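Read the structure below first, then the notes.
Read the figures in this text as sums done on the coordinates, not as results from a lab. Nothing here was measured: the structure is a model prediction, and the numbers come from that model. Note that each Cβ is placed from the backbone with ideal geometry, even for glycine, and that neighbours are counted across all protein chains shown.
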Amino acid sequence: MAKLIFPEGFLWGAATAAYQIEGATLSDGRGESIWDRFSHTPGNILNEENGDVACDHYRLYRQDVKNMADIGLNAYRFSISWPRIFPQGSGKPNLKGLDFYRRLIEELHKYKIKPSVTLYHWDLPQALEDKGGWRSRDTAKYFNQYAAFLFENLDLPVDRWITLNEPWVFAFIAHAMGVHAPGMNDFSAALQVAHNMLLGHGLAVSSFRDIKRKDEGIGITLDLKPVHPASENKADLAQAARTDGFMNRWFLDPIFRGSYPQDMVEIYARSFELPRAEEEDAAIIAEPIDFLGINNYTRTIVRAGSSEDDFMGNPLNPQEAEYTEMGWEVYPRGIYELLTRVHRDYGPLPLYITENGAAFDDELNSDGTINDKRRINYLQGYLAEAWNAIQEGVPLKGYFVWTLMDNFEWSFGYSKKFGLIYVDYTSQKRYFKDSAYWYRDVISRNGLEV
Ligand code: FCB
């Protein structure tokens, strides 16, 4: 048996997002978010489910933090619900909303669990959507005001601040593919959303620098995927480069190089409106950050699409591969490929895996156990490859499993279970899956035995 030991001080965490776990959507003055509106509109969510109750974490947070401590987590990534803090998106803050996050952070500190706070995990206040949402440049300014309010008023130690979660998903899945809130199908609008989000990110980073919180860092979380060509032929290779441009470089380049990738600008310009931008935007977006958060679950294999402007390509799903309940290929080597590539092309800077995990069809046994061997294999495989990347000099500082407990998986409702902990939604009782015990052992050894 080999022992793969992680660096001292490595963060072992789990991640969640406000709308997916909190429930209590009408409590203590919270305003409406686009996810309330979207999930209450028939036809958008599997089985017409919504986040009204979710895991009732807003009330059960103490128990959830205790569960984290029992697993041995030394870090926890959660998101703040913007409409709890500013029910109308801007204007008068709702101090009761802020108080919830203070109580949560105090509870985490009790167990020496370091908070990583995501400011935006997709739940825009509906009032701002009504004024044009992220298609409007004003939303970047409102986001900055909301962020600055928290930097100034969330007066408890936060380890890491993450401005945005997965702007690619929010821009394109929600605005070009209609699958997430607010449910639009307009690619040019999605490009504008991506731009305004990046701008909001950059503005928030500069506010953070001005406010000078001690010993804390700020970064962004991107969802990145290795893109493989289906073959070595020229057309497939060119397709893989374009798909990589669409999924990865469109965000990495402006943040780390100060400009959008030229090949993609040319492709988009032929079919869509390029985002409207001001001259100063590029520099704001490229404001230096302290770390990059990476969410990774799978890879993409592409065959050449119909034209040289096709940036999606035709996906290929190898038959012999293993797939999760999401239909995502299990490809542990991908995390190694990503970490080494990001480090080589955009580094050096500290990296965190801010999400990685798998949905499987878990069953609760009558004795309260859940034997989720496939999840353990998945996590073990990805962690071993993350360890390999560290051996090659990649400064990976922490790893967050998606997710602490089963929750509202967006358009899939409650049908997809990603948790280390099983939630019985009728009783709100939590049950540790085998993977939670396995993760506890990994953390206590600071490594794997493979
Ligand atoms: C990511 C999201 C997260 C969760 C996982 C499965 O794209 O950030 O909220 O839905 O996928």
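Got the relative contact order for the range 1-102 handy, in percent, Cα pairs under 8 Å and 6 or more residues apart? Please list the in-between numbers first.
Values: 122 pairs, mean separation 37.5, N = 102.
So the answer I get is 37 percent.
Which of Lys373/Lys429; Lys66/Lys417; Lys92/Lys112; Lys225/Lys433; Lys225/Lys397 have a Cα-Cα distance over 24 Å?
Working: Lys373/Lys429 22 Å; Lys66/Lys417 21 Å; Lys92/Lys112 33 Å; Lys225/Lys433 28 Å; Lys225/Lys397 19 Å.
Exceeds cut-off: Lys92/Lys112; Lys225/Lys433.
Sort out for me the Cα centre separation of the range 1-78 from the range 319-356, rounded to whole Å.
A separation of 22 Å, based on Cα centres.
Starting from the alpha-carbon convex hull of the chain, give the projected area averaged over all orientations, in nm².
Values: hull surface 83.0 nm².
Approximately 20.7 nm², given one-decimal rounding.
Whole Å is fine, so just give me how far the alpha carbon centre of the range 211-277 lies from that of the range 109-182.
Spelled out, the Cα-based centre of one part sits 20 Å from the other.
Set Lys and Arg Cβ to +1 and Asp and Glu Cβ to -1, take the dipole of the range 266-327 about its Cα centre, and tell me which of Ile289, Leu316, Phe272 lies farthest positive.
Leu316
Looking at the chain, send over the antiparallel percent of its DSSP beta bridges, to the nearest 5.
Values: 11 of 48 bridges.
That works out to approximately 25 percent antiparallel.
Under a 10 Å cutoff between Cα atoms, tell me which one of Pro83, Pro348, Pro125 has the largest fluctuation in the Gaussian network model of the chain.
Looking only at Pro83, Pro348, Pro125, the largest GNM fluctuation is found for Pro348.
Of the residues Ser39, Ser90, Ser271, which exhibits the maximal mean-square fluctuation in a Gaussian network model of the chain defined by a 10 Å Cα contact cut-off?
Sorting by GNM fluctuation, first place goes to Ser271.
Among all helices in the chain defined by DSSP H, which have a length of 30 Å or more along the axis from Cα atoms plus a Kyte-Doolittle mean of at least 0.5? List each step's numbers first, then the result.
Numbers: long enough: 187-211 (36 Å, 0.73).
Going by DSSP H runs, the hits are 187-211.
Name the most mobile residue of Pro157, Pro318, Pro167, meaning the one with the largest mean-square fluctuation, in a Gaussian network model of the chain with Cα contacts below 10 Å.
So, out of Pro157, Pro318, Pro167, the one fluctuating most is Pro318.
Which chymotrypsin sites (Phe, Trp or Tyr not before Pro) in the range 253-297 pass both tests, a DSSP loop state and at most 16 other beta-carbon atoms within 10 Å? Write out the running numbers ahead of the final one.
Numbers: sites: Phe256, Tyr268, Phe272, Phe291, Tyr297; in loops: Phe272, Tyr297.
Loop-located and lightly packed - Phe272.
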